[in-house]
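To start, the structure under review is shown below, and the notes come after it.
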Amino acid sequence: MPSNRLFTLLVPVVSVVMGLIAGAIIMHISGFNPIDGYSALWTGAFGDAYTIGETIRRSAPYILTGLSIAFAFRTGLFNIGAEGQVLVGWLAAVWVGLTIDAPMYIHLPLAILAAAVAGGLWAFVPGILKAKLGVHEVIVTIMMNYIALFTTNEIIRKVLTSGQTTTDTIAGSASLASEWMQSITFYSRVHYGILIALFAAAIMWFIIQRTTIGYELKSVGFNQHASRYAGMNVSKNIILSMVIAGMFAGLAGAMEGLGTYGNMSVTAGFSNLGFDGIAVALLGANTAIGVVFAAFLFGALKEGAGEMPTGAGIPTELVDIIIALIIFFVASSYIIRWVIVRFKKEGK
Amino acid sequence: MIEILQSVIPTALFYSAPLILTALGGVFSERSGVVNIGLEGLMVMGAFLGIVFNLTFSDVLGAWTPWISILVAMVVSAIFSIIHAVASVSFHASQVVSGVAINMLALGIGVYLTKQWYGKGQTDMVDQPFYTTNIPLLSDIPVLGSIFFQGIYITSYLAIILAFVAWFVLYKTPFGLRLRAVGEHPMAADTNGINVSRMRYIAVILSGALGGLGGSVFALTIASNFSHSTIVGQGFMALAAVIFGKWHPLGAMGAALFFGFAQSLSVIGSSIPLLQDVPQVFLLIAPYVLTILALAGFIGRADAPRANGEPYIKGSR
Amino acid sequence: MEYVIEMLNIRKEFPGIVANDNITIQLKQGEIHALLGENGAGKSTLMNVLFGLYQPEQGEIRVKGKKVNITNPNIANDLGIGMVHQHFMLVEPFTVTQNIVLGSEPTKKTGVINVEKARKDIQEISDRYGLKVDPDAKISDISVGMQQRVEILKTLYRGAEVLIFDEPTAVLTPQEINELMEIMRSLIKEGKSIILITHKLKEIMEVCDRCTVIRKGKGIGTVNVAETNTNELASLMVGREVHFKTEKKQAEPKETVLTIENLVVKDARKVDLVKGLNLELRAGEIVGIAGVDGNGQSELIEAITGLRSAVSGKIKLNNKNITNKSPRKVTESGVGHIPQDRHRFGLVLDYSIGENIVLQTYYKKPYSKAKVLNYKAIYDQAQKIIKEYDVRTPSVYTKARALSGGNQQKAIIGREVDRSPDLLIAAQPTRGLDVGAIEFIHKKLIEERDKGKAILLISFELDEIMNVSDRIAVMFDGKIVADVKPEETSEQELGLLMAGSQVKEGDPNAIQ
Amino acid sequence: ACGGGSSEGDTAGSDDNNDNADNAASDEDYSIAMVTDQGGVDDKSFNQSAWEGIQAWGEENDLSKGNGFDYAQSASQADFMPNITRLVRDEYNLIFGTGFLLKEDIQKAAEQFPDTYFAIVDDIVEAPNALSVTFKEHEGSFLAGVAAANKTKTNKLGFVGGIDSPLITKFEAGFIAGAKSVNPDIEIDVQYAETFDDAAKGKLIASNMYSNGVDVIYHASGGTGNGVFNQAKDIKQNDADREIWVIGVDADQHEEGKIGDHNVTLTSMVKRVDVAVQDVAKMLQAGEFPGGEHLEFGIEEDGISIADTNTDAFTEDIKNAVNEWQEKILNGDVETPQTREELESFLEAL
Ligand SMILES: Nc1ncnc2c1ncn2[C@@H]1O[C@H](COP(=O)(O)OP(=O)(O)OP(=O)(O)O)[C@@H](O)[C@H]1O
Ligand SMILES: Nc1ncnc2c1ncn2[C@@H]1O[C@H](COP(=O)(O)OP(=O)(O)OP(=O)(O)O)[C@@H](O)[C@H]1O
Ligand SMILES: [Mg+2]
Ligand SMILES: [Mg+2]
């Protein structure tokens, strides 16, 4: 049998290729030229410094929501609530960015921390309900999403502004925006947040793989009985896991609040960062490094999609279809493995 | 009080019906051991198909259009759900992953085809939606008649009846016993000569049919057209209803009715004297907070079917 | 010929291993045929082939002389082959009746399951073979013995003529084992044929007619039980001589390590199961707890180890109160625990062997420092344990799940013993293991005793209790009702004590 | 953003795929593009209306899509800025952002790209090269209120808002002021769905309002309004004699109200974004782009009107009443309120 490591690399690559081929077939059937379509997609994502900047910017929150969901998954929990955690994190970051007056080296970390804490607190609720009462985290996180949506809207209207739909722009001392990065990318909105996201990925990897905390969290995820037997506090670990997951998602909110937009608006619906994060996590096989790659893939496809209607007359939804197919192929890696093994055998 | 019930219950019923139907699909799928986060996508498919069929054939089919529309939506969504079955049953895919893909795929296909066929992001409104009716005889019952049988969509009753049918099928027939066995202990079922894969395929396809039904009923009783925002979160609420209802058809129905009731109350709240001065945001979040409280307070722990989410691979432990 | 089943030259491979290598077994009409072999020898695999769960790479199966191709359990059922699996194949939330009829349900005209008919049919069969079950009880609520009877009923309900029992006695109490023997005899009387897998040679001697031995996937041969003895069987299967009675010196008990006073513990259903228990255990002795399953043994262990809270009473370790302390505190004050259910409690099956070896100590130096794990130290330790305790695993990085039960058990024992706890609780440490592994584990327990540790052994095997213990405490109805020396008692006497006789007069819980 | 529901008679979709029509544009031609918000160019609302304006202007000048004028569709908030930037780099002279959601991005873009002209619809930005275009929705809503007050038999009206925001408050305040100006005793039930695309919520609210005796509902709630129409039509279907009405928003929502031989759409408050866009385009061509200014399109500027398509319901009497109040607004006799505070003082003065 070929080594596992090779598979973990081959499967996503093959999946992406197959997804793109399927996309080409769909384009062809619908009467579009796949080459035009994909060159538009490429231009839209990597055509020049500007789009590259935007692709990176778009990937940063995906990395973080992906990490959030992956982290929870690794410890046996399903966090559908990243969506709500993003919103409260966003709000908290902007709130601190607006109301506190401090030098940058205090203000910025404080705003980022506020986002993480808010996301963590939001996830604490499903965590504690799961740990203490056995309430299924999936329902509670879904409900918490709606609660976050309505309450953040209300706070923007009633507390952060007087009846407006968008807050003021945060103080420069709390901003992640980088004039330097913008200037080399033709004023894209790329900001320092990507560094935070990559750092967070490193943290996740470190916690999960290298620390006793990760050891306990995974153990509880695999087998609660054995964990209790081994002296671990199962409730504490469930809560901790949700809270850390929530903090990652909260940070994704900070990307938007402190980086991309510098403010927060009343929204009529979800940002989808949290839901897309599920796909990112799963594409990345719930590992930190996998999530980073998946987020970039996701970011590039979504960013490039914007160019498809103008560049080739193809509806952007085609990209959603392609992403969905890629996810299917990754999910069905069993069959891909099977084919690869077959292939190898024949080759011998 | 009766007045409040008169306005709450019929509205709760129409709100709940699509959730009930979809949740029933979820119950079948998860009872067989296949996690189905794809309910949202299945609803999208159903809504899309229901609307498109209705728009296309309303001239030909007349008053029968909505019924045939939901039937078609049901059948095609059932076929669509085979993708989930193939991935998660035959290819041993992670069922969560496959479900997420179903959600993205359905929305992608729905909107893509809408743009292809109609040249715009949303369809027109249908001419032949469902309308409410009074149920003959029953609606004349004093008090109860006006609460339960006036101004009701037949589809709401269909949903409730189907919940009982689902209960009957799952708990009274050999098919149901086998399906549940497959979700609890597939290997035991296998050694008893039950074809695990086949049962799971059937269950997933049933969830596709019911999800499609739920989506099309939503479209034809509430939304009237299809766009990217026709189904936004209802599938996840249906999933919540499945778990809230402890994977039991009647429980899921109860949970869906609870959601409808809570939503209806939150809207009506502003015209109930007692609640008039409550800031609107509290009414808005009330349904969701109530759900959490109900779960924490007296529903508590719910155990999923033991083998839920685990691909069955013959010959492994 | 008179063979009902013939499996000829069967070969079955798993990735990287040949589980069955050219094995032949022939079952005569009306006999009980034992299948004997070490853990992992390939017995279950062979039987799964017969039952249609696995397809053999090679070989031929004949039923009543006719060649058959059994591609799934349905075909096996149709051919009259039924199997009681090593790990029960029962759907826990279902009732007994539902489990039995599952897959071949009687229905009414309406398509509804005909529960009345099912119940009647089951009653009939269970009367005929003396298989007492409660048809409406949920599986999760009934004893292991009854679960086994349900498994047997399942096969009979489907009209099985040939029954395969895969290690049916590993999980049974002695009483239940006797009942099972009776059942098997009555099945033979009704014309059935049986293949019995067991590690207990005594059982083979008692009920079997012939015995086929396999070793490391290869067939060694078939012997007539009447013409052999346990020693011969054991050496056939292991390939060397095996000692059944473990050599040990006289115990030299020292200071008291564990004191339990008036302990009361409730079970999950909030019923008192330990009812004012008193026990004392000293350094350098092995105390065996004998008792019928369900008399509070599990609750007692869980209370000592902090996994379950005590309602009242006191548990003291080295004179320090450890009542209702957390499992971590209890472990740290010097308790080691080999849990009864190794898959549920003993191991995180998805962790590697190495990670499992530090399950109790990962947070300590040298395995971690400032919460950062030191994998080198962890895997070095694991390497040491697997060498010392002869854990057969491809590597320390292998997932625990992939190990055979015996090797999993050895890893757990290695982990617990190596910490050198003052008190070692060993619950059913040899359940399901072959004689070679049992011998090894018993030797280890005695070694620890000789090092001056206190050992509490809980087992349903009277043999084991008699062989290993220095002192036997009989547990009945939540209390220790007798304290005897193995030399001064017999299995018969213990059996009576365990059933509650000779209890103080006036006790309302005396024998019914 | 408050889009209407959808209706037939789409004009936007057909020309998606033929961007190579070769109408050689003269050298000194101006080019104009727009960035939509999430609604998209076929939202039956201001995005569509703006696009229609741009198309009309393009046709007048013998231009074609992708060649003189174009749009960029945004699927989410994250797309606004990339879309704007792309159009800047494609060297369009004037870029419209439609919808208040684009405010921040247009503001930023205007600062970053001083050589390009920008215009925001429905909000205000401040930059010398950017123009703000808003509408006096309160004026139209006032007239809608007048119409409703004249139509109601129960003296109970309903207002369904999308998201509680300054923009939608303009609709609310204008509507209430108009209705109370006709009859101060009229009650108005105001509810916000807090979303622009939850038809179920719209239907719940409408159902509640109608069963409480409301007979005219004015909605400014985009797709949520679908539910309002749905509920009204359902009631009408069951009881053709029941007098209940919906007032549409943004576009003429006459089609949405059709049910058999009836139509529940009393009228619609129409926002002529197309008119505004064409006006601005002409200023640009004339070299008079009013950068830094704020243009408000009201009744006077033909930017706001009240639809009279449903002649059965929107009777001559009502039409006359509406015209009468429209005169008063035009000649300054009535100052229509835009906020809740202004509404309060307006009502006190009645
Ligand atoms: N599903 C499987 N996948 C891979 N290898 C397997 C599988 N099942 C069994 N094996 C291999 O086949 C060998 C025989 O296993 P089997 O379960 O038949 O042993 P056994 O004789 O029943 O042991 P025990 O006495 O412990 O029940 C084992 O050593 C194991 O490595
Ligand atoms: N998932 C798996 N991957 C690889 N091998 C496996 C797997 N599951 C089982 N096996 C193999 O099957 C063999 C038998 O497993 P089994 O659990 O029956 O062991 P056992 O000794 O019978 O233990 P016990 O009876 O206590 O459960 C093991 O030796 C193991 O190698
Ligand atoms: Mg075995
Ligand atoms: Mg075994």
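The values are calculated or read from the model by the stated rules, or taken from the named source; none is laboratory data. Just so we're clear, the structure is a prediction, and the values are computed from it rather than from any experiment. Don't worry about glycine lacking a Cβ; one is built from the backbone with ideal geometry, like all the others, and counts go over all protein chains shown. Side chains included, ligands, DNA and RNA excluded: accessible areas come from the protein's heavy atoms. Shrake-Rupley method; radii C 1.70, N 1.55, O 1.52, S 1.80 Å.
Of B:L5, C:L263, which has the most accessible area with a 1.4 Å probe, and how do the rest follow in descending order?
B:L5, C:L263
Before I look further, what does the protein assembly as shown give for accessible area per residue, probe 1.4 Å, in whole square angstrom?
That works out to 37 Å² per residue.
Measuring from label point to label point, each 7 Å out along Cα→Cβ, what is the A:F206 to C:N319 span in nm?
That separation, rounded to one decimal, is 4.7 nm.
In the neighborhood of B:S69, defined by Cβ-to-Cβ distances under 15 Å, what is the net charge if each Lys or Arg adds +1 and each Asp or Glu adds -1?
In short, -3.
Could you give the size of the charge dipole of region C:346-420 about its Cα centre, using +1 on the Cβ of each K and R and -1 on the Cβ of each D and E, expressed in debye and rounded to the nearest 20?
Here the size comes out at about 240 debye.
Specify, per residue and in Å³, the volume enclosed by the convex hull of the alpha carbon atoms belonging to region C:5-238.
Spread over its residues, the Cα hull of region C:5-238 gives 127 Å³ apiece.
Return the long-range amide H neighbours of D:L157 (sequence gap of 5 or more, or a different chain), with a cut-off of under 5 Å between placed amide H atoms.
Those qualifying (amide H under 5 Å, at least 5 residues apart or on another chain) are D:E187, D:I188, D:D189.
Determine how many Å³ per residue the convex hull of the Cα atoms of chain C encloses.
Residue-normalised Cα hull volume stands at 172 Å³.
What number, rounded to the nearest 500 deg cm²/dmol, is the helix-based mean residue ellipticity at 222 nm of chain C, given -39500 (n - 2.57) per DSSP H run of at least four residues and division by all its residues?
-9000 deg cm²/dmol
Determine the dipole magnitude for region C:5-238: charges of +1 sit on the beta-carbon of Lys and Arg, -1 on that of Asp and Glu, nothing else is charged, the reference point is the Cα centre, and the result goes in debye to the nearest 20.
560
How many Å² of accessible surface get buried when C and B come together, counting both sides, probe radius 1.4 Å, rounded to the nearest 100?
That pair of chains buries around 2100 Å² in total.
Ordered by residue, what ³J(HN,Hα) values in Hz, to whole numbers, does region C:202-212 give under the Karplus form 6.51 cos²θ - 1.76 cosθ + 1.60, where θ = phi - 60° and Gly and Pro are x?
Using θ = phi - 60°, the values come out as 4, 5, 4, 4, 6, 10, 8, 8, 9, 9, 9 Hz.
How about region C:375-433: which chymotrypsin sites (Phe, Trp or Tyr not before Pro) there are in a DSSP loop, with at most 14 other Cβ atoms within 10 Å of their Cβ?
Those that pass, being in a loop and sparsely packed, are C:Y397.
What is the extension gain from C:N178 to C:K270, computed as 0.36 nm multiplied by their sequence separation minus the C-alpha to C-alpha distance, in nm to one decimal?
My answer for the length gained is 30.0 nm.
Going down the table (D:K153/D:K328; C:K325/C:K365; C:K189/C:K479; C:K138/C:K245; C:K132/C:K453; D:K136/D:K156), which pairs top 32 Å between alpha carbons?
Those over the limit are C:K189/C:K479; C:K138/C:K245; C:K132/C:K453.
With contacts defined as alpha carbon pairs under 8 Å and 6 or more residues apart, what's the relative contact order of chain C in percent?
Relative contact order here is 15 percent.
Report the per residue volume, in Å³, of the convex hull enclosing the C-alpha atoms of region B:224-317.
166
Given the DSSP H assignment, sum -39500 (n - 2.57) over each helix run of at least 4 residues in chain D and divide by its residue total; what's the result at 222 nm in deg cm²/dmol, nearest 500?
Computed ellipticity for chain D at 222 nm equals -12000 deg cm²/dmol.
If you count, for every residue in B:229-238, the Cβ atoms of partner chains within 10 Å of its Cβ, what is the mean?
Mean inter-chain Cβ contacts per residue within 10 Å come to 5.
Around B:A304, what is the net charge, scoring Lys/Arg as +1 and Asp/Glu as -1 over all other residues with Cβ under 11 Å from its Cβ?
0
For region A:58-275, list log₁₀ I(q)/I(0) at each q in 0.17 Å⁻¹, using the Debye formula over Cα point scatterers of equal strength and ignoring solvent, two decimals each.
-1.09
When we measure straight from the Cα of B:K314, which lysines land under 25 angstrom away, once same-chain ones fewer than 8 places off are left out?
Cα-Cα hits under 25 Å: A:K344, A:K345, C:K12, C:K43, C:K67, C:K154, C:K216, C:K218, C:K399.
Just to be sure I understand: if you take the accessible area of chain B alone plus chain A alone and subtract the pair, with a 1.4 Å probe, what total do you get in Å², rounded to 100?
3700
Applying 1/(1 + (r/R0)^6) with R0 = 35 Å to the Cβ-Cβ distance of D:A349 and D:A240, what FRET efficiency is obtained, to the nearest 0.05?
Efficiency, from the Cβ-Cβ distance: 0.30.
Quick one: helix C:174-189 against the long Cα principal axis of chain C, what's the angle to the nearest 10°, folded into 0 to 90?
Value to nearest ten degrees: 10.
What does a probe at B:E3 reach in region D:194-208, counting residues whose amide N is under 20 Å from the point 7 Å along Cα→Cβ?
Only D:204-208 fall inside the zone, counting backbone N under 20 Å.
Given only helices, namely DSSP H runs of n ≥ 4 each adding -39500 (n - 2.57), what is the per-residue ellipticity at 222 nm of chain A, to the nearest 500 deg cm²/dmol?
Calculated from helices alone, the mean residue ellipticity at 222 nm is -24500 deg cm²/dmol.
Pairs of lysine in region A:58-275 with Cα under 20 Å and at least 8 positions apart or on different chains: total?
5
Please turn the phi angles of region B:54-62 into ³J(HN,Hα) values with the Karplus equation 6.51 cos²θ - 1.76 cosθ + 1.60 (θ = phi - 60°), one per residue in order, whole Hz, x for glycine and proline.
4, 4, 6, 10, 4, 5, 7, 9, x
Bins of 10 Å, beginning at zero and ending with the bin holding the largest distance: percent of Cα pairs per bin for the protein assembly as shown, please.
1, 7, 14, 18, 18, 14, 10, 8, 5, 3, 1, 0, 0
In a GNM of chain B with a 10 Å cut-off on Cα contacts, which of B:F28, B:F148, B:F261 has the highest mean-square fluctuation?
Looking only at B:F28, B:F148, B:F261, the largest GNM fluctuation is found for B:F148.
Between region C:82-161 and region C:357-422, how far is it from one alpha carbon centroid to the other, in angstrom?
Cα centroid to Cα centroid, the span is 42 Å.
So in chain C, what percent of DSSP beta bridges are antiparallel if you round to the nearest 5?
60
Using 0.36 nm per residue, how much length does the chain from C:K364 to C:D341 gain when fully extended, once their Cα-Cα distance is taken away?
Stretched fully, the C:K364-C:D341 segment lengthens by 5.7 nm.
Identify all aspartates and glutamates with a Cα-Cα distance to C:K270 below 17 Å; exclude those on the same chain that are fewer than 8 residues away in sequence.
Hits, sequence-local ones excluded: C:D141, C:E299, C:E302, C:D477.
Nearest-5 percent of antiparallel DSSP beta bridges in chain D?
Of the beta bridges lying entirely in chain D, close to 10 percent run antiparallel.
Can you work out the FRET efficiency for the pair C:S501 and C:K138, with r the C-beta to C-beta distance and R0 = 25 Å, to the nearest 0.05?
Step by step, r from the Cβ atoms, then E = 0.20.
If you roll a 1.4 Å probe over region C:29-177 with all protein chains in place, what percent of the accessible area is carbon or sulfur?
The nonpolar share, carbon plus sulfur, comes to 47 percent.
Longest exposed-loop-site-free stretch of chain C, with GluC sites (Glu not before Pro), DSSP loop and at most 13 other Cβ within 10 Å?
C:256-504
Return the tail of the calculated pair distribution for region C:346-420, meaning the percent of Cα-Cα pairs more than 17 Å apart.
34
Rounded to the nearest 100 Å², what's the accessible area chains B and D bury against each other, both chains counted, probe 1.4 Å?
Counting both chains, the buried surface is close to 2800 Å².
Which far-off residues, 5 or more places away or on another chain, put their amide H under 5 Å from the one on C:I220, with H placed in the peptide plane?
C:V213, C:I214, C:R215
When Lys and Arg each count +1 and Asp and Glu each count -1, what net charge do the other residues less than 11 Å away from B:Q95, Cβ to Cβ, add up to?
Overall, the nearby charge balance is -1.
Angle check, please: helix C:435-450 long axis (alpha carbons) against the longest principal axis of chain C (alpha carbons), in degrees 0 to 90, nearest 10.
10
Would you please give the residues with an amide H less than 5 Å from that of C:A34, counting only those at least 5 places away or on a separate chain, with H modeled from the backbone geometry?
When sequence neighbours closer than 5 places are left aside, the close amide H contacts are C:L196, C:D209, C:R210, C:C211, C:T212.
Antiparallel versus total DSSP beta bridges in the protein assembly as shown: what percent is that, nearest 5?
Bridges in the protein assembly as shown that DSSP calls antiparallel: roughly 45 percent.
Going 7 Å from the Cα of A:A102 along its beta-carbon direction, which residues of region A:142-179 have the amide nitrogen within less than 17 Å of the resulting point?
Of the residues in region A:142-179, A:170-176 have backbone N under 17 Å from the label point off A:A102.
If each Cα of chain B is one equal point scatterer, what is log10 of I(q)/I(0) from the Debye formula at q = 0.08, 0.09, 0.14 Å⁻¹?
Listed by q, the Debye log ratios stand at -0.37, -0.47, -1.07.
About its Cα centre, what dipole magnitude does the protein assembly as shown give when the only charges are +1 on Lys and Arg Cβ and -1 on Asp and Glu Cβ, stated in debye to the nearest 20?
For this selection, approximately 9420 debye.
With θ taken as phi - 60° and the coefficients 6.51, -1.76 and 1.60, list the Karplus ³J(HN,Hα) couplings across region D:162-173 in order, rounded to whole Hz; mark glycine and proline as x.
x, 9, 5, 7, x, 4, 6, 4, 4, 4, 4, 4
Which loop-located trypsin sites (Lys or Arg not before Pro) does region A:253-343 contain, where loop means any DSSP state but H, G, I, E or B and the Cβ has at most 14 other Cβ atoms within 10 Å?
none
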